[in-house]
Amino acid sequence: MAFEAVLDYLVEQGWVPKRSRQRLDSTHVRGLLSAMSRLECVRETLRLFLEDVEAAGFLPETWAAYWNRYVETKPDQRLKAPVLEALFAQAGQDMLVIQKETAGNDALVKRPSFALLQRVFLENYTPDPQGNAQKTRAQPTGAVHNPHEPEAQWSSKSTTKDKTWVGYKVQVCETVQEQPRAAGEPTANFLTSMVTQNAPASDKAGMAEVLAEQQGLGLSAPCVLYVDGAYVSTAALDEAREQGRELRGPAPASPDRGKVFTVEAFDVQVEQRHAICPGAQRSSNCSRLESQSTGQVDFRIEWSQRVCSDCPLRRQCVSEGQNHRTLVVGSLHSLLQGRRREMKTDAFKKEMHRRNGIEGTQSELVRGYGLRQARYRGQAKVRLQNYLIGAACNIRRLFRRLTWLATQACGGGAVDLPTPAS
Ligand code: SF4
């Protein structure tokens, strides 16, 4: 594999240490597909199935009406909403009948186009007890949005869902140069991972894949890994600590409790089973809570009603309807608390500048190599595309670096290489 071969060379030649500081972030890759409405998606799925069956010589004469409806007819998407809704309902009903009529017919049932039809049906309709296909309110996560690229999935980059895409996600990891660069000096950082995921996959899962991939490539886990808040959790910090590496990134904020103090206002000593509140009062009780289903252990820390009732901070601390303040924290809360305190220091803010460089690398990959847009369909091919982009970027960075070093040795000016076509 090209990416692996280039990375092996960089390790052999000492450009990439086996164990190094690295930074990691993800970005989205749009799938090679056109946007479709749900109606277009189900109708196109039916069309592809019918054409596939017809090409194989299995199209029953009784399906002539379906052929006419889905292969030879294309409704105008500007039709009024009730008409489009009726067409959507009819497509669902036709899918349901087709599935019933193909039951037991192995020549049809075993075709991938039939499996796709079944999947698209279940993602858009529910059969009711009367045998009718009812439209589901929304498609589930991972639903097919275009039957020509069924592996591309929908995801959103924001909680408001205003930045969405259908496609994939790629985790980009690179080494972090220890010394600041001189003016005009090309980067000495190289990509160490290009992990392709489904679009809705979490960054924490992506980080686990990156570490596993690097191990498979003969690299040790990064001694320090700079990340953003999407990768940081108590479990991730604990795992990094257990494995003797550092995960450097901001901890997630504690849940907003409205007008009252969040857990961040308290000094929690969970190992000693007590905490000090913003009113400088020590907690009066600590109970161990263990979830029977998950085994997760939490601790509920409480202040007595007597102490809280006389406290001048009571209105800022105790929610309406409660008599006294309680906190529930995990058994590893100290890790989160420590990171949240560290985040307020100038040293931490300065250290996080090392993470920010990954944004520039992603911009380089998007603008210079077309990372943002898949050129192929299916995750396997998109993964290959991303690896090739990573390999090309590393080769180009190496050439830039070698050229610069050579010109420095000669005392001449830096030689620029041509920019690749986007
Ligand atoms: S209300 Fe209770 S827990 Fe809150 S600051 Fe006052 S004494 Fe402490």
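The values are calculated or read from the model by the stated rules, or taken from the named source; none is laboratory data. Given the structure is predicted, the values throughout are model-derived calculations rather than measurements. Glycine gets a Cβ as well: all are built from the backbone with ideal geometry, and neighbour counts include every protein chain shown. These area figures cover heavy atoms from the full protein model, side chains too; ligands, DNA and RNA do not enter into them. Shrake-Rupley method; radii C 1.70, N 1.55, O 1.52, S 1.80 Å.
Once the convex hull of the alpha carbons of the chain is built, what does its volume come to per residue, in cubic angstrom?
Convex hull of Cα atoms, per residue: 235 Å³.
For the chain, give me the percentage of DSSP beta bridges that are antiparallel, rounded to the nearest 5 percent.
For the chain, the DSSP antiparallel bridge percentage is about 85.
Any number yet on Rg/Rh for segment 102-257, C-alpha, Kirkwood?
With Rh from the inverse mean 1/r over Cα pairs, Rg/Rh is 1.12.
Using alpha-carbon positions, what is the distance between the centroids of segment 373-389 and segment 194-269, in Å?
Here the two parts' Cα centres lie 26 Å apart.
Take the chain, connect every pair of alpha-carbon atoms lying under 10 Å apart with a spring to form a Gaussian network, then pick out the residue of 143, 55, 392 with the largest mean-square fluctuation.
Of the options given, 55 has the highest mean-square fluctuation.
Just grab the label-to-label distance for residue 101 and residue 271, each label 7 Å out from Cα along the Cβ direction, in nm (one decimal).
Using points 7 Å along Cα→Cβ, the separation is 7.1 nm.
Under the rule of -39500 (n - 2.57) per DSSP H run of 4 or more residues, summed and divided by the residues of the chain, what mean residue ellipticity at 222 nm is obtained, to the nearest 500 deg cm²/dmol?
Helix contribution divided over all residues of the chain: -12500 deg cm²/dmol.
Quote the relative contact order of the chain in percent (integer), defining contacts as alpha-carbon pairs under 8 Å separated by 6+ residues.
Once normalised by length, the contact order is 20 percent.
Using a Gaussian network model on the chain with a 10 Å cutoff between Cα atoms, which of 75, 252, 129 fluctuates the most?
Of 75, 252, 129, the most mobile in the Gaussian network model is 129.
What number comes out for the charge environment of residue 144, summing +1 per Lys or Arg and -1 per Asp or Glu over other residues with Cβ under 12 Å away?
Summing Lys and Arg as +1 and Asp and Glu as -1 gives -3.
Accessible area of the chain with a 1.4 Å probe: how many percent of it is carbon plus sulfur?
Reported share for carbon and sulfur atoms: 51 percent.
Summing Lys, Arg as +1 and Asp, Glu as -1, what charge do residues with Cβ under 15 Å from the Cβ of residue 202 carry, residue 202 excluded?
For residues surrounding residue 202, the net value is -2.
Grab the beta carbon distance between residue 110 and residue 292, set R0 = 30 Å, and tell me the FRET efficiency rounded to 0.05.
Rounded to the nearest 0.05, the efficiency is 0.10.
If you average the alpha carbon positions of segment 113-167 and of segment 56-92, how far apart do those two centres end up, in angstrom?
Cα centroid to Cα centroid, the span is 19 Å.
Where the convex hull is taken over the Cα atoms of segment 67-120, what is its projected area averaged over directions, in nm²?
The number I arrive at for segment 67-120 is 4.2 nm².
Using r as the Cβ-Cβ distance of residue 83 and residue 157, and R0 as 35 Å, what FRET efficiency do you calculate, to the nearest 0.05?
The pair residue 83/residue 157 has a calculated efficiency of 0.55.
Working with all protein chains in place, sort 223, 410 by solvent-accessible area computed with a 1.4 Å probe, largest first.
Most to least solvent-accessible, the answer reads 410, 223.
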